[in-house]
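The values are calculated or read from the model by the stated rules, or taken from the named source; none is laboratory data. Source: prediction; values computed, not measured. We place every Cβ from the backbone using ideal geometry, glycine too, and count neighbours over all the protein chains shown. Surface areas here come from the heavy atoms of the whole protein model, side chains and all, with no ligands, DNA or RNA. Shrake-Rupley method; radii C 1.70, N 1.55, O 1.52, S 1.80 Å.
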Amino acid sequence: MLVLGIETSCDESGVALYDSSERRLLAHALHSQIAMHQDYGGVVPELASRDHIRRVLPLIDDVLAKARQPVRAIAAIGYTEGPGLAGALLVGAGIAHGLAMSLACPVLGIHHLEGHLLSPLLSEDPPEFPFVALLVSGGHTQLMHVRAVGRYELLGETLDDAAGEAFDKTAQLLGLGYPGGPQIARLAQSGIAGSVTLPRPMLRSGNLDFSFSGLKTAVMTAVKRHGMAGPTEKAKADIARGFEDAIVDVLVAKSLAALQLTGLTRLVVAGGVGANSRLRGALIAALEARDARVFFPELVWCTDNGAMIAFAAALRFEAGEKGEAGAHPFGVRPRWPLSELSL
Ligand code: KG4
Ligand code: ZN
């Protein structure tokens, strides 16, 4: 059965075609709006919605052409129903329901974070259930106990900024562009570890919650120390390194604590910050030392994409979800706790 996935929750239009009978991704296509938003230092929701309108149909054509499939071969559709930007979500929802109506096929709204946390299952060597998932994206930082598809228990989450948001805001303070994660990571490579020490928020809080807004304030203080002239390139690199080390330490410590609490030995990392190589290296080393294993989605599936949505929809259809016929009125859920999901 061919399942079309459509992702439009934020600044990436992603489309993919997944063959659930063959368990194989046939094709995917992505348009990133990063260049368009860069001038504004962050995502402008209205511009995002309008660009999704321009991109999604050509991306669907592209995916069908790559997979050498006619549009009528689509047997079911999954789209991101939330959480995300309301206008951007509505574009994907409208196209998915319109297409489903014309094809008389079922259509299913997918939780964006479920897409992220199941994305490591797309890899050659997927983790088995149950596992702990560390979801670290631009909008969310959560630790979940994942028992099966649709069975997610929230173990801890950020009380304020998300990890990706902290990267983005720190990048802004250092005069780097958007998105901040990759730029901080690049700059931190030439920074000297330990030359700038920043706080590790909530490291010893005794629970699995996070807080990153204080870290951003600490970066601001470190920048201000350099007076009107601002930090030199070298000083910026040291701050970037200090920031990255602090955030990685907290994410690793809380992930280990989550494994200990649940008694599990598999950790799955998902979301854009999962692309960070220092985080990857630190998690691999820390878990190896404890006879546990960490799984990452392939880099291309770390950030937003259509494949994770097609895949999550395929698993839900396979598990018996019927979806809706396209004629239904539809809505989106810009705010939608992952722990409300079931199957
Ligand atoms: O999952 P994602 O693509 O979108 C959301 O659902 O939010 O995550 C985007 C976030 C951004 O905050 C970006 O700065 C961060 O992921 N990110 C990184 C890296 N690549 C992307 N953060 C740290 N290191 C990276 N290499
Ligand atoms: Zn995302």
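Here are the numbers for this structure:
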item: Net charge of Cβ neighbours under 9 Å - reference Gly14; Lys, Arg +1; Asp, Glu -1; result: -3
item: Charge context of Gly41, other residues only, Cβ under 15 angstrom, K/R +1, D/E -1; result: -2
item: In Hz, Karplus ³J(HN,Hα) per residue of the stretch 203-211 (6.51, -1.76, 1.60; θ = phi - 60°; x = Gly, Pro); result: 4, 10, 6, x, 9, 9, 8, 10, 8
item: Coil-residue trypsin sites (Lys or Arg not before Pro) of the stretch 216-312, DSSP, other Cβ within 10 Å capped at 12; result: Arg225, Arg290
item: Those GluC sites (Glu not before Pro) in the stretch 7-66 that DSSP places in a loop and that have at most 11 other beta carbons within 10 Å; result: Glu22
item: Zero-based 5 Å bins, Cα pair distances in the stretch 262-343, whole percents; result: 3, 11, 14, 18, 19, 14, 10, 5, 3, 2, 0
item: The chain: most fluctuating residue of Leu108, Leu267, Leu215 per GNM, C-alpha cutoff 10 Å; result: Leu215
item: Electrostatic dipole magnitude of the stretch 6-120 [Cβ: Lys, Arg +1; Asp, Glu -1; Cα centre; debye, to 20]; result: 400
item: Alpha carbon convex hull of the stretch 89-147, volume per residue in cubic angstrom; result: 116
item: Rg/Rh (Cα only; Kirkwood hydrodynamic radius) as it applies to the stretch 30-76; result: 1.14
item: Beta bridges per DSSP with both ends in the stretch 129-296, % antiparallel, nearest 5; result: 60
item: GNM top mover of Val269, Val43, Val15 - the chain, alpha-carbon springs below 10 Å; result: Val43
item: From the C-alpha gyration tensor of the stretch 156-301, square roots of 5λ in Å; result: 27, 16, 13
item: Alpha-carbon radius of gyration plus Dmax, which is the widest Cα pair, for the stretch 1-124 in Å; result: 14.1, 44
item: Volume in Å³ per residue [convex hull over Cα atoms, computed for the stretch 79-216]; result: 166
item: For the stretch 1-130: accessible area per residue (Å², 1.4 Å); result: 40
item: Filtered trypsin sites (Lys or Arg not before Pro), the stretch 1-100: DSSP coil and at most 15 other beta carbons within 10 Å; result: Arg23, Arg68
item: At least 27 Å along the helix axis (C-alpha) and Kyte average at least 0.0, DSSP helices within the chain; result: 233-262
item: Per-bin percent of Cα-Cα distances, the chain [10 Å]; result: 6, 26, 32, 23, 10, 2, 0
item: Kirkwood Rh in Å, taken over all unlike Cα pairs in the stretch 15-54; result: 12.2
